[in-house]
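The values are calculated or read from the model by the stated rules, or taken from the named source; none is laboratory data. This one's a predicted model, so the numbers in the text were calculated from it and none came from an experiment. Here the Cβ positions follow ideal geometry from the backbone for every residue, glycine too, while neighbour counts run over all protein chains shown. Note: areas computed on protein heavy atoms with side chains; ligands, DNA, RNA excluded. Shrake-Rupley method; radii C 1.70, N 1.55, O 1.52, S 1.80 Å.
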Amino acid sequence: MNKRALITGVTGQDGSYLAEVLLEKGYEVFGLLRRTSTVSFERIGHLRDRVKLISGDLLDQNSLHRALEVAEASEVYNLAAQSFVATSWEQPVLTGEFTALGVTRMLEAIREVNPEIRFYQASSSEMFGKVTETPQTEKTRFHPRSPYGVAKLYGHWITVNYRESYGLFACSGILFNHESPRRGIEFVTRKITNAAARIKQGKQVQLVLGNLDARRDWGHARDYVEAMWLMLQADAPDDYVIATGESHSVKDVLDVAFGHLGLDWRKYVAQNPAFLRPAEVDFLLGDSSKARARLGWRHKVCFRDLVVEMVEADMELEKRNARSESFQASGA
């Protein structure tokens, strides 16, 4: 019998890549879908006939019980969250409900429905925030600098608590920044690659950003979802930092993205203090030695190749958009 997995946040970047990975491994995959008037299936459109969607919401305990009973999953991957850091200052309470308490609701549902289910929680490098040591490991002290980071930290510790209190196979992956062509346009890497493509094609004249000196450890989402799966195949549950071990600035992203298209980003990029965070996270760099040693995980896509892949995808996207606009304008 094939393994069965339930993914929350299945329509997001990580959820779509994870669904692909699990399907390739022979899983029967279920996705928890929060009903809204603007649900987008763009990232999983090619999987719609293979992923079984179940209506549910991290704010609704009963729907999580039902989803677990319907899916009969042996593995649950909790990727759903209010995941945009900037929004967490505008909607701190909602961020806490989804990103923090939503984890508790799912863990409690697992405990009550089937405590044998293996659980993965998507923790974040934003929990480190104002870092106290570099690189950051599983033992580095947390000091989150946003409502999002605080909410993620609650989700992380409640996962540890349920593991220690109830013996659940519950793991947290402390994932550093991971990107792809499926990244939301509001995130800085995708904002840059899409703007570079639009500027190259004459559709945009300027890109406005905040802190260009912030440094992050950027990897490819496709590599990172493999680590999620590996955690739930281990003999014992634990928490792992997943990172490339390389740090790059926002300026480095601009150099690669615009440079790949033969452009000098300095001619097109402006800074606006309005885009700065109330409390900035200046430098993140992860040490994934534990994951490499115990799980055999390695990242495969380097920083430059990641950014170039995103630029090429956005170039193609903008060309398709142009063709569509031309078709509509012709009245065909």
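State the percentage of accessible surface on the chain attributable to carbon and sulfur atoms; use a 1.4 Å probe and exclude ligands, DNA and RNA.
Here it works out to 48 percent.
Here's the picture: charge each Lys and Arg Cβ at +1 and each Asp and Glu Cβ at -1 in the chain, and of P273, V160, H143 the one pushed furthest to the positive end of that dipole is P273. Given +1 at the Cβ of Lys and Arg, -1 at the Cβ of Asp and Glu and no other charges, the dipole of the chain around its Cα centre is 540 debye to the nearest 20. Exceedance of the 30 Å cut-off in Cα-Cα distance is limited, within the set K152/K290; K152/K300; K251/K319; K25/K200; K152/K203; K3/K290, to K25/K200; K152/K203.
The base-10 log of I(q)/I(0) for the range 179-332, evaluated at q = 0.12 Å⁻¹, reads -0.61 [Debye formula, identical scatterers on Cα atoms, solvent excluded].
Mind checking the range 13-86 for GluC sites (Glu not before Pro) that DSSP puts in a loop (not H, G, I, E or B) and that have at most 16 other Cβ atoms within 10 Å?
E72
Temperature 20 °C, viscosity 1.002 mPa s: under these conditions the Stokes-Einstein estimate for the range 148-267, based on its Kirkwood radius over C-alpha pairs, is 129 µm² per second. Based on the Kirkwood radius over alpha-carbon pairs, what is the Stokes-Einstein translational diffusion coefficient of the range 72-173 at 10 °C with 1.306 mPa s viscosity, in µm²/s? The Stokes-Einstein estimate is 114 µm²/s. Is it possible to state the helix-based mean residue ellipticity at 222 nm for the chain, with each DSSP H run of 4+ residues giving -39500 (n - 2.57), the sum divided by total residues, to the nearest 500 deg cm²/dmol? What is it? Helix-only estimate at 222 nm: -13000 deg cm²/dmol. Annotation: the range 178-244 has a Kirkwood hydrodynamic radius of 14.4 angstrom, from the mean reciprocal C-alpha pair distance. For the range 156-195, applying the loop criterion from DSSP together with a ceiling of 14 other beta carbons within 10 Å to the GluC sites (Glu not before Pro) yields E186. The alpha carbons of the chain stretch over 57, 55, 38 Å along the principal axes, in descending order.
Per residue, the accessible area of the chain comes to 44 Å², computed with a 1.4 Å probe over protein heavy atoms only. Summarising the strand pairing of the chain, around 5 percent of its internal DSSP beta bridges are antiparallel.
Hydrodynamic radius of the range 1-100 by the Kirkwood approach over all distinct alpha-carbon pairs: 14.0 Å.
Computed about its Cα centre, the charge dipole of the range 67-193 is approximately 520 debye, with only Lys, Arg, Asp and Glu carrying charge at their Cβ.
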